[in-house]
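Beneath this line is the structure, given in structure tokens, with notes to follow.
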Amino acid sequence: MAEAVSSVAWWEEAVFYQIYPRSFSDSSGSGVGDLRGITAHLDDLVWLGVDALWISPFFKSPMRDFGYDVSDYCEVDPLFGTLADFDRLIENAHALGLRVIIDWVPAHTSSDHAWFLDARSSRDSARRDWYVWRDPGPNGEVPNNWASAFSDGGPAWTLDQHTGQFYLHSFLSEQPDLNWANPDLRAAMHDTLRFWLDRGVDGFRADVVHNIGKDAALASVPAKLEKIPHCALNDADVTHDFLRDIRELLGSYADQRMMVGEVFLLDVERMATYHGRGDELHLAFNFPAIFLPWDAAAWRNCIDTTYGVLERHRAWPTWVVSNHDFSRQRTRFGGGEDRARAAAVLLLGLRGTPFMYMGEELGLEDADVPEEARVDPGGRDGCRAPIPWEVESPHGWQKEPWLPFSPKPAERSWQAQRSDPDSVLHFYRRLLVHRRQSPALWSGSFEWLPTDEHLLAWRRGTDSDERVVIISFADEQRTIDLDGDYQVAVSTKLPDEGQVFRGEISPTNAIVLQPV
Ligand code: GLC
């Protein structure tokens, strides 16, 4: 049995809820969600039972990557409101007992950022070295074979005609990579952290944070990897030094400020190294899980690998099944609402910090976005569809929002589901409320229970509390033998709740059991 970690840190026990602000709630009538829209719905999130919010970027930006191209780290984009709106959001959230972390985009800025405008103005400008510049080869070649994201394997370099050098961009050419090897740049980025820490944020989700350090030689990758976006391969030792400095900075503030890193390396072993010896990231997203099919063996394997590796690194696991970059779990897994509910039990029943993505609680699918309405350079519009709040069109938005709604916005709206005790929304709420009451679920050990290959079953326990979680991936009824007597605390099928568990589990059913 995996050792029970005695969790003291809030971020180990919390359930995070990701808000993609453009699509959450619009208070201004612009058709784009904003900070006041978030503040207006904090009560709903408290009712739902989440503990912490992660808010995707709302900083000043030309929005070529919808806010992940920041042109001023310390300003709110007017589309989202003002700094005063943000202060009010934090104040209200804290008063309601919600923690708030914000997105920090340290690996690149927008090409509109004043730092880049200065850097590209001349080869000897004060901030030239804050970005990564290289001369063209003798025949004008790019400096190496790294590919950028969103470009079908196109180069991660763009020639700046004015100064005759290439600059590095792991994403769009409008997102130049910062040069963390430069100490002044590091100091300036530390200042951006302090700016928000001083305003009271509880921490940060650090965007592609494994991409801040670069191999000093900028060596080409083997030819077979050259079409893979370099941001999925970049893994330079020096990043660990930068992360230790950041951890120290966070530690200099009271109240356990934290950082969860987007370490997009798709290899748990590599990802795990970014926790250092407890002196780098507090948490890192476990991305292999976001690519898994609805398949018991695949999940068993991923869970075993994750726990095995992270235990060796003494790191606390995280789980995520949807976010603003990938298809929603319901769309990806297929199988309709039953499977979407079962996936919620998986996410919230494992040992580790779960990150929900807004709209999961409504069982939303991706929107089918017609060609002419597509706006994202990475093709991710479908999972970013707006949240339907009300039954009546335009569903709590003042006008048609910036992207179309996902299917069945009226019946899946918060309003419709809140008045139906058997809705996905109420199911999430029961699961979250139950999780909060059970130390076994938020901090307990994890132990597999024997089952046939179509089920996953595990026990979570502390000295004084125990839960069993069972998830069926089968299309027909299955049975399981448990030692001891249990009752169904939470079930994807509402009528089963409160019943004595008789060892039978119906198709695609997922349950949390409590000893009686
Ligand atoms: C991260 C973000 C993604 C963004 C990219 C570039 O992967 O999650 O949305 O496009 O970084 O900043």
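The values are calculated or read from the model by the stated rules, or taken from the named source; none is laboratory data. Note that the structure is predicted; figures quoted are calculated from it, not measured. Cβ sites come from the backbone with ideal geometry, for glycine too, and all protein chains shown count toward neighbours.
Remarks
- Answer from 149, 188, 181 - the residue that is in contact with a helix residue (DSSP H, G or I) (Cβ under 9 Å, 6 or more places away or on another chain), within 16 Å of the ligand (Cβ to nearest atom) and either among the hydrophobic types (A, V, I, L, M, F, W, C) or part of a loop (DSSP other than H, G, I, E, B) (or both): 149
- Subset of region 229-261 that is part of a helix (DSSP H, G or I), among the hydrophobic types (A, V, I, L, M, F, W, C) and more than 22 Å from the chain's Cα centre (by Cα) - its residue that is farthest from the ligand (Cβ to nearest atom): 249
- Taking first residues from region 205-234 that are farther than 28 Å from residue 103 by Cβ and of a type in the set (Gly, Ala, Ser) and partners that are assigned to a loop (DSSP other than H, G, I, E, B) and within 16 Å of the ligand (Cβ to nearest atom), the Cβ contacts under 9 Å between residues at least 6 apart in sequence or on separate chains come to 220/146.
- Scanning region 175-204 for residues that are more than 23 Å from residue 284 (Cα to Cα), in contact (Cβ under 8 Å) with a residue 12 or more places away in the chain and aliphatic (A, V, I, L, M) gives 185, 188.
- Region 191-219: number of residues that are loosely packed, with under 14 Cβ neighbours inside 10 Å and within 16 Å of the ligand (Cβ to nearest atom): 0
- The residue list 373, 385, 367 contains one member that is more than 16 Å from the ligand (Cβ to nearest atom), surrounded by 20 or more Cβ atoms within 10 Å (Cβ to Cβ) and not basic (Lys, Arg), which is 367.
Yes/no per residue for (1) touching a Phe, Trp or Tyr at 6+ places or on another chain (Cβ under 6 Å); (2) closer than 26 Å to residue 86 by Cβ:
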residue	(1), (2)
155	no, no
181	no, no
192	yes, yes
201	no, yes
215	no, no
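- Under the condition of being within 25 Å of residue 50 (Cβ to Cβ) and either surrounded by 15 or more Cβ atoms within 10 Å (Cβ to Cβ) or hydroxyl-bearing (Ser, Thr, Tyr) (or both), the residues counted in region 80-138 number 17.
- Condition check for residue 125: within 16 Å of the ligand (Cβ to nearest atom) and in a loop (DSSP other than H, G, I, E, B): no
- Just one of the listed residues (453, 447) is touching a residue at least 60 places away in the same chain (Cβ under 8 Å) and either part of a strand (DSSP E or B) or buried (at least 23 other Cβ atoms within 10 Å of the Cβ) (or both), namely 447.
- Pair list, Cβ < 6 Å and 6+ apart or interchain, from region 391-413 residues that are surrounded by fewer than 21 Cβ atoms within 10 Å (Cβ to Cβ) to residues that are charged (D, E, K, R): 394/400; 407/365
- Filter result for residue 267 (more than 16 Å from the ligand (Cβ to nearest atom), farther than 18 Å from residue 343 by Cα and at pLDDT below 95): yes
- Selected residue (criterion: nearest to residue 229 (Cα to Cα)) from residues of region 153-163 that are in a loop (DSSP other than H, G, I, E, B) and touching a residue at least 40 places away in the same chain (Cβ under 8 Å): 153
- Region 490-507, residues that are surrounded by 22 or more Cβ atoms within 10 Å (Cβ to Cβ) and either assigned by TED's automatic domain parsing to the domain that holds residue 298 or touching a residue at least 40 places away in the same chain (Cβ under 8 Å) (or both): 490, 492, 505
- Listed by position, the helices (runs of 4 or more DSSP H) inside region 27-102 whose residues that are charged (D, E, K, R) and away from the ligand (no atom under 16 Å from the Cβ) number at least 3 are 83-95.
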